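**Q** Please find one structure pasted underneath; my questions will follow.
Here, each number is a calculation from the coordinates, and none is a lab measurement. Please read all numbers here as calculations on a predicted model, not as lab measurements. Glycine also receives a Cβ, built like all others from the backbone with ideal geometry; neighbour counts cover every protein chain displayed.
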Amino acid sequence: MKKRRGKSTLTFLTAVLFAFSLMVFGQAAAADKPGDLQVKGQVKAVSNKAKTLSVNVTDKGVMLFKFNENTKFINFTKTNEIKYPTAVVVKYKTEGPDKVAISIKKALVSLPKGVTEIKTDEVAALVEKGPDAGNYFLVDARPATVSSAGHIPTAVSIPVTVLGKKGAELLPEDKKKLLIFYCGGPT
């Protein structure tokens, strides 16, 4: 969950959408060891039986990676925790015709300058007070169909696609009000 104070809401939303697009459409980057490679892209499929991960990488298409007992899973423990489409960063090495994953990490969005993370218990305390007493505005930025299935009490559903188009119109005029946004996954 994130909170934001001060400056322009549109600037904030633009930064969030830009960071999200970088996460989704990331490209190859340098790795830690010579010979190791790294790519960032969207998970297309995971097979626990074949121990493979298919990732759609911008400018490279779908790449197939093998994983094994030596593969490090960063910020998750089991491959069934990877939901489609999830952005991942895969460090790998080439062994013959195979690309073998050294590590697989869920790609998390970096928070823009001026935006800080808020802990779940802090949000729970605010929700218990209510929006007026807690002086906050809680936004569920998930798709409307997901939000309608269940959401945090006092949250207003404004999907991220709508925030990008009409965010300033839908958010409170009171600039001293704490804005809290949440979505479907960790930051």
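**Q** Between residue 135 and residue 76, take the C-beta separation as r, use R0 = 35 Å, and let me know the FRET efficiency to the nearest 0.05. Spell out each step's value before the answer.
**A** Working: r = 35 Å, r/R0 = 1.00.
That gives a FRET efficiency of 0.50.
**Q** What aspartates and glutamates does residue 99 reach when the alpha-carbon gap must be under 13 Å and sequence neighbours fewer than 8 apart in one chain are set aside?
**A** Within the straight-line cut-off, residue 99 pairs with 36.
**Q** So, R0 is 22 Å and r is the distance between the beta-carbons of residue 59 and residue 94; what FRET efficiency does that work out to, to 0.05?
**A** So, using R0 = 22 Å, E works out to roughly 0.75.
**Q** Still on this structure, please answer the following. Using 7 Å Cα-to-Cβ label points, what is the residue 148/residue 66 separation (nm, one decimal)?
**A** 4.6 nm
**Q** Provide the FRET efficiency to the nearest 0.05 for the residue 48-residue 174 pair, computing r from the beta carbons and using R0 = 41 Å.
**A** 0.25
**Q** Sticking with this structure for a sec: Only Lys, Arg, Asp and Glu count, each charged at its Cβ (+1, +1, -1, -1), so figure out the dipole size of the stretch 90-187 about its Cα centre, rounded to 20 debye.
**A** Numbers: 14 positive and 11 negative charges, 90 e Å.
Approximately 440 debye in magnitude.
**Q** Just list whichever of 51/106; 113/166; 105/177; 91/119; 40/66 have alpha carbons separated by over 26 Å in the model shown.
**A** Exceeds cut-off: 105/177; 91/119.
**Q** Among the trypsin sites (Lys or Arg not before Pro) within the stretch 80-123, which fall in a DSSP loop and have no more than 15 other Cβ atoms within 10 Å of their own Cβ?
**A** 83, 113, 119
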